[in-house]
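Okay, so here's the structure we're looking at.
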Amino acid sequence: MLFFPLHLSLACSQSLNSSSGFIVSPLYPGYYPNNLTCTWYVSAKENHVIRLQFQSFATEFNPTCSNDYVEVRDSGSHRSRTIGRYCGHTFPPVIQSASNALTIVFTSNQVQSGTGFKAYYHVTPGEI
């Protein structure tokens, strides 16, 4: 089992509730570690939505995105509806939540790593 420095572990699982900010893969813009799962929960006030836009994206490519990937879910739960699973070098589309929360999960396996991703989120009033 691999152990990561405390600052890496803390940055890898966060609850974010500010009106805007950045989410980056561990060690970005360097190569992310192998065998890692990170989860970011972004929440907003009632009657607000969250827009997520990737500014950099480079993970291991796999046709089914089953190796290294970023998965975005609507709501603040691992069990919520999956908006999309993304991998490779193609930027995901701009994503907007249907609720006042988003869950972003980054997973890497043991084979290959990349520079990962940098994404910007911001909260905006919206019809839910």
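The values are calculated or read from the model by the stated rules, or taken from the named source; none is laboratory data. As the structure is a computational prediction, the values presented were derived from the model and not from experiment. Virtual Cβ from ideal backbone geometry, glycine too; neighbours counted across all protein chains shown. For accessibility, only protein heavy atoms count, side chains too; no ligands or nucleic acids. Shrake-Rupley method; radii C 1.70, N 1.55, O 1.52, S 1.80 Å.
Kirkwood radius for the stretch 57-128, taken over all pairs of different Cα atoms as the inverse mean of 1/r, rounds to 13.0 Å. Taking the accessible area of the chain, probe 1.4 Å, and keeping the other protein chains in place, the carbon and sulfur fraction comes to 53%.
In this rough spin-label picture, where each label sits 7 Å from Cα along the Cβ direction, the Asn62-Leu27 distance is 1.9 nm. Under 5 Å from the amide H of Gln14 lie the amide H atoms of Thr39, Trp40, Tyr41, each residue being 5 or more positions distant or on a separate chain, with H modelled from the backbone and absent for Pro and chain starts. A simple count of charges around Ser66, restricted to other residues whose Cβ falls under 13 Å of its Cβ and scoring Lys, Arg +1 and Asp, Glu -1, yields -2. Can you pull out the trypsin sites (Lys or Arg not before Pro) in the stretch 51-128 that DSSP calls coil and that have at most 14 other Cβ atoms within 10 Å? Passing both the DSSP loop test and the Cβ count: Arg79, Arg81.
Counting other Cβ atoms within 10 Å of each Cβ, which chymotrypsin sites (Phe, Trp or Tyr not before Pro) in the stretch 53-110 have at most 16 and sit in a DSSP loop? Loop-located and lightly packed - Phe61. Among the GluC sites (Glu not before Pro) within the stretch 36-128, those in coil by DSSP and having at most 11 neighbouring Cβ atoms inside 10 Å are Glu46, Glu127. Solvent-accessible surface of the chain, averaged per residue with a 1.4 angstrom probe and all protein chains in place: 54 square angstrom.
Translational diffusion of the chain was estimated from the Stokes-Einstein equation, with Rh taken as the Kirkwood radius over Cα pairs; at 4 °C and 1.567 mPa s the coefficient is 88 µm²/s.
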